[in-house]
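J.: Structure in structure tokens, see below.
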Amino acid sequence: MSTTLFDRIGQLVTCAPELGDGSPLGLVGEAALVVEEGRVAWVGAAAGAPAADERVAVGGRCVLPGFVDSHAHLVFAGDRSEEFAARMAGRRYTAGGIARTVAATRAADTETLASVTARLVDEMARQGTTTVEIKSGYGLSVEHEARCLAVARRHTDETTFLGAHVVPPEHAGDPDGYVALVAGPMLEACAPLARWVDVFVEQGAFDADQARAVLRAGAAHGLGARVHANQLGPGPGVRVACEVGAASADHCTHLDDGDAAALADAGVVATLLPAAEFSTRSPYPDARRLLDAGVVVALATDCNPGSSYTTSMPFAIALAVREMGLSPAEAVWAATAGGARALRRDDVGTLRPGAAADLVVLDAPSHVHLAYRPGVPLAAAVWRGGRRIH
Ligand code: NIG
Ligand code: FE
């Protein structure tokens, strides 16, 4: 059994308060960390580090858990750069553009789809992401949703069935018929390939009753719930997420009085996706209101070709700090431990002994640099399960 010592870490972010300075980031200065069999085996002051077979000298830089990107749509074909350009010229974002990506995705052969997904997962890894959730949602037929999930499964166990993304054109006249298809045969085909089920609850997508039907059918197949909630306007998404005990309500941009308290009471994580607001030139969610209400906040990219075509968790962190009033420490926690909570995982997003050895060496002395140096590729080296992936 070989062991590796990460030595001379200037600042170690453990996200385990008891191991460090007592803050949520659990910071340890002048630290070391030992990896054995793909897991963290020991964490502490460099001076007291045990011997190991191999040594990685970190040279005073910062080490933190790999980012947990808990919301991404990575299986699609084509892009929608003209829509982005039109938005930057003043056009509004609507859910309607999704249909264009559905048409391109259906027309693409499987290896083309797979190469898009692989490229995006690789882009993520190079920026420090070691866990990613991947949704379907651009197939919208039994055959195409299952195909998209099979592609997603090549990269992660955190796959999400999003047949209820929008009503596809061939069912335009019969949305309830489409919901029955999603909750019936489509779910039947997709459940073996998914861990989660998600619904886009929004004007132009699905209403509360349709969402309940899909999420409950998913639960009957053993799938945990997640919800695209309150992205483009106020609505029932957050409350439905709380009612069904979803792991996460995602977006949470337009909240009514009471939504934040409902999330806190139900223990539903609010996953904020500020790159979507950036890319659609929309107001950012009120993160402070959520934190003040006691809600657990996660950050993710929402990577997709329509509303947020970025794979960068550091970009999401920088936006959360600059535009949503999170402190750098709160944003880094939300992008690591917060993402893990949104996926109900306790083996990632932290560097306590026993956790997966998923870690990033930053070319910087502290985690603050992630927001302080926006747009700079700071992930100098990335390990996943104790294996170097970048
Ligand atoms: O999370 N909100 C719904 N789905 C995506 C956007 C999809 C698209 O525009 O293609 C989102 O923002
Ligand atoms: Fe999304």
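The values are calculated or read from the model by the stated rules, or taken from the named source; none is laboratory data. None of these values were measured; they are calculated from a predicted model. Counting neighbours? That spans all protein chains shown, and the Cβs are built from the backbone with ideal geometry, glycine included.
J.: For the list (1) under 26 Å from Cys148 (Cα atoms); (2) more than 14 Å from ligand 1 (Cβ to nearest atom); (3) under 20 Å from the mean Cα position of the chain (by Cα); (4) not polar (S, T, N, Q), I need the number of the one condition that Ala217 fails.
T.: So Ala217 meets the others, but not (3).
J.: Can you run down the residue pairs with Cβ atoms below 9 Å, 6 or more apart or on separate chains, where the first is in the range 100-118 and without any contact (Cβ under 8 Å) to a residue 24 or more places away in the chain and outside any helix (DSSP H, G or I) and the partner is exposed (fewer than 13 other Cβ atoms within 10 Å of the Cβ) and among the hydroxyl-bearing types (Ser, Thr, Tyr)?
T.: Partner pairs satisfying both residue conditions: none exist.
Rundown of residues vs (1) in contact (Cβ under 8 Å) with a residue 40 or more places away in the chain; (2) in contact with a Pro (Cβ under 9 Å, 6 or more places away or on another chain), yes/no style:
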| position | (1), (2) |
| --- | --- |
| Thr310 | no, no |
| Gly339 | yes, no |
| Leu343 | yes, no |
| Gly354 | yes, no |
| Asp358 | yes, yes |
| Val361 | yes, no |
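J.: While we're on this one: Has the range 277-292 got at least one residue that is within 16 Å of ligand 1 (Cβ to nearest atom), within 29 Å of Gly20 (Cα to Cα) and touching a Leu at 6+ places or on another chain (Cβ under 7 Å)? Steps first, answer last, please.
T.: Residues of the range 277-292 within 16 Å of ligand 1 (Cβ to nearest atom): 277-285.
Still in the running and within 29 Å of Gly20 (Cα to Cα): none.
No.
J.: Separate question: Quick one: Asp265 ticks every box in (1) within 26 Å of Leu74 (Cβ to Cβ); (2) without any contact (Cβ under 8 Å) to a residue 24 or more places away in the chain; (3) charged (D, E, K, R) except a single one, so which number is it?
T.: (1)
J.: Check Ala46, Ala99, Ala41 and return the single one that is under 27 Å from Glu188 (Cα atoms) and over 20 Å from the mean Cα position of the chain (by Cα). Step through it out loud before you land on a result.
T.: Working: Ala46 fails: under 27 Å from Glu188 (Cα atoms); Ala41 fails: under 27 Å from Glu188 (Cα atoms).
Sole residue among the options that is under 27 Å from Glu188 (Cα atoms) and over 20 Å from the mean Cα position of the chain (by Cα): Ala99.
J.: Okay, next question. Could we say that Asp198 is surrounded by fewer than 22 Cβ atoms within 10 Å (Cβ to Cβ) and in the same structural domain as Thr311 (by TED's automatic domain parsing) here?
T.: Working: surrounded by fewer than 22 Cβ atoms within 10 Å (Cβ to Cβ): no; in the same structural domain as Thr311 (by TED's automatic domain parsing): yes.
For Asp198, the condition - surrounded by fewer than 22 Cβ atoms within 10 Å (Cβ to Cβ) and in the same structural domain as Thr311 (by TED's automatic domain parsing) - is not met.
J.: Restricting attention to the range 15-40, which residues are assigned to a loop (DSSP other than H, G, I, E, B) and free of Cβ contacts under 8 Å to residues at least 12 places away in the same chain? Spell out how you get there, then give the answer.
T.: Residues of the range 15-40 that are assigned to a loop (DSSP other than H, G, I, E, B), as a first pass: 15-16, 20-26, 37-38.
Residues satisfying the conditions are Gly20, Asp21, Gly22.
J.: Failed condition for Phe6, given (1) surrounded by 19 or more Cβ atoms within 10 Å (Cβ to Cβ); (2) not in a strand (DSSP E or B), with all others met?
T.: Condition not satisfied by Phe6: (2).
J.: Just one of Val227, Val166, Val151 is part of a loop (DSSP other than H, G, I, E, B), under 20 Å from Pro305 (Cα atoms) and in contact with a Leu (Cβ under 8 Å, 6 or more places away or on another chain); which is it?
T.: Details: Val227 fails: part of a loop (DSSP other than H, G, I, E, B); Val151 fails: part of a loop (DSSP other than H, G, I, E, B).
Every option except Val166 fails the conditions.
J.: I'm trying to understand the selection: among the residues of the range 64-83, which are assigned to a helix (DSSP H, G or I) and within 16 Å of ligand 2 (Cβ to nearest atom)?
T.: If we filter the range 64-83 for residues that are assigned to a helix (DSSP H, G or I), which is where we start, we get 81-83.
Across the range 64-83, the qualifying residue is only Glu83.
J.: Next question, about the same structure. Here are some conditions: (1) more than 15 Å from ligand 1 (Cβ to nearest atom); (2) in a helix (DSSP H, G or I); (3) farther than 27 Å from Arg387 by Cα. Ala125 meets all but one. Which one does it not meet?
T.: Every listed condition holds for Ala125 apart from (3).
J.: Of all residues being part of a helix (DSSP H, G or I) and β-branched (Val, Ile, Thr) in the range 235-267, which is farthest from ligand 1 (Cβ to nearest atom)? Just the residue, please.
T.: Val244
J.: Now a separate question. For the range 215-241, give me the residue count where each residue is away from ligand 2 (no atom under 16 Å from the Cβ), under 17 Å from Ala342 (Cα atoms) and basic (Lys, Arg).
T.: Here the count works out to 1.
J.: Also, I was wondering about something else. Could you look through the range 84-96, keep only residues that are crowded, with 18+ Cβ neighbours inside 10 Å and in a helix (DSSP H, G or I), and pick out the one that is nearest to ligand 1 (Cβ to nearest atom)?
T.: Taking the range 84-96 and keeping what is crowded, with 18+ Cβ neighbours inside 10 Å, we get 84, 87, 93, 95.
Going one step further and asking which of them are in a helix (DSSP H, G or I), we end up with 84, 87, 95.
Working: Phe84: 10, Arg87: 11, Ala95: 6 Å.
Going through the qualifying residues, I end up with Ala95.
J.: Of all residues in the range 41-58, which are touching a residue at least 40 places away in the same chain (Cβ under 8 Å) and not in a strand (DSSP E or B)? First the steps, then the outcome.
T.: Within the range 41-58, the subset touching a residue at least 40 places away in the same chain (Cβ under 8 Å) is 41-43, 49-58.
Hits for the range 41-58 are Ala49, Pro50, Ala51, Ala52, Asp53, Val58.
J.: Among (1) in a helix (DSSP H, G or I); (2) buried (at least 20 other Cβ atoms within 10 Å of the Cβ), which single condition is Leu232 missing?
T.: With respect to (1) in a helix (DSSP H, G or I); (2) buried (at least 20 other Cβ atoms within 10 Å of the Cβ), Leu232 is out only on (1).
J.: While we're on this one: Just to check your reading of the model, which residue among Ala213, Ala189 is touching a residue at least 40 places away in the same chain (Cβ under 8 Å), surrounded by fewer than 22 Cβ atoms within 10 Å (Cβ to Cβ) and not β-branched (Val, Ile, Thr)? Please lay out each step first, then the result.
T.: Values: Ala213 fails: touching a residue at least 40 places away in the same chain (Cβ under 8 Å).
Residue meeting the stated conditions: Ala189.
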